[in-house]
1. Go through I23, I51, I63, I10 for me and flag whichever is among the β-branched types (V, I, T) and either free of Cβ contacts under 8 Å to residues at least 24 places away in the same chain or open to solvent by 100 Å² or more (accessible area, probe 1.4 Å) (or both).
2. So, K61, is that one modelled with pLDDT of 90 or more, more than 11 Å from the chain's Cα centre (by Cα) and more than 28 Å from N83 (Cβ to Cβ) or not?
3. Restricting to the stretch 26-48, count the residues that are at pLDDT below 90 and open to solvent by 90 Å² or more (accessible area, probe 1.4 Å).
4. I'd like to verify a number: residues in the stretch 66-83 that are touching a residue at least 12 places away in the same chain (Cβ under 8 Å) and touching a Leu at 6+ places or on another chain (Cβ under 8 Å), how many?
5. Which of (1) over 28 Å from N83 (Cα atoms); (2) in contact with a Ser or Thr (Cβ under 8 Å, 6 or more places away or on another chain) does I23 not meet, given it meets every other one?
6. Pick out, from the chain, the helices (runs of 4 or more DSSP H) lying fully within it that include 3 or more residues that are of a type in the set (K, R).
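The values are calculated or read from the model by the stated rules, or taken from the named source; none is laboratory data. Computed from a predicted structure; not experimentally measured. A quick note on method: Cβ atoms are made from the backbone with ideal geometry, for glycine too, and the neighbour counts reach across all protein chains shown. Note: areas computed on protein heavy atoms with side chains; ligands, DNA, RNA excluded. Shrake-Rupley method; radii C 1.70, N 1.55, O 1.52, S 1.80 Å.
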Amino acid sequence: MKKQLDDLLINFFISSGSSFKSIENIYFKKIFSLLNENYNLISRVSLFNKINKSFIQQQEKLIKMFKDINFFSITADLWTNINNQSFLGMTIH
């Protein structure tokens, strides 16, 4: 159960762009304490390390995937939505 919650937290921080410092917020901690008083929330440093490890693993997968390809094209698009949230879209073909 702890690993599942940790993984969900990691995915939350990756997908939301929230500051790692949010995990130290007293109300953030209270939410998890209320939901499961036995769950020990991971630290900001542990969160960063786990996300960094996940990034490195994904990077290695991409390197292996493109290792034997001689040529490819990359297109990119940057935009900001009405809420001033930035996005980057990339396509490789």
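1. Values: I23 fails: either free of Cβ contacts under 8 Å to residues at least 24 places away in the same chain or open to solvent by 100 Å² or more (accessible area, probe 1.4 Å) (or both); I51 fails: either free of Cβ contacts under 8 Å to residues at least 24 places away in the same chain or open to solvent by 100 Å² or more (accessible area, probe 1.4 Å) (or both); I10 fails: either free of Cβ contacts under 8 Å to residues at least 24 places away in the same chain or open to solvent by 100 Å² or more (accessible area, probe 1.4 Å) (or both).
Answer to the selection: I63.
2. Working: modelled with pLDDT of 90 or more: yes; more than 11 Å from the chain's Cα centre (by Cα): yes; more than 28 Å from N83 (Cβ to Cβ): yes.
So K61 fits the description; yes.
3. Total meeting the criteria: 4.
4. Summing the residues that are touching a residue at least 12 places away in the same chain (Cβ under 8 Å) and touching a Leu at 6+ places or on another chain (Cβ under 8 Å) in the stretch 66-83 gives 2.
5. It fails just one condition, (1).
6. Values: elements: 2-16, 26-35, 44-66.
Once the helices (runs of 4 or more DSSP H) in the chain are filtered for at least 3 residues that are of a type in the set (K, R), what remains is 44-66.
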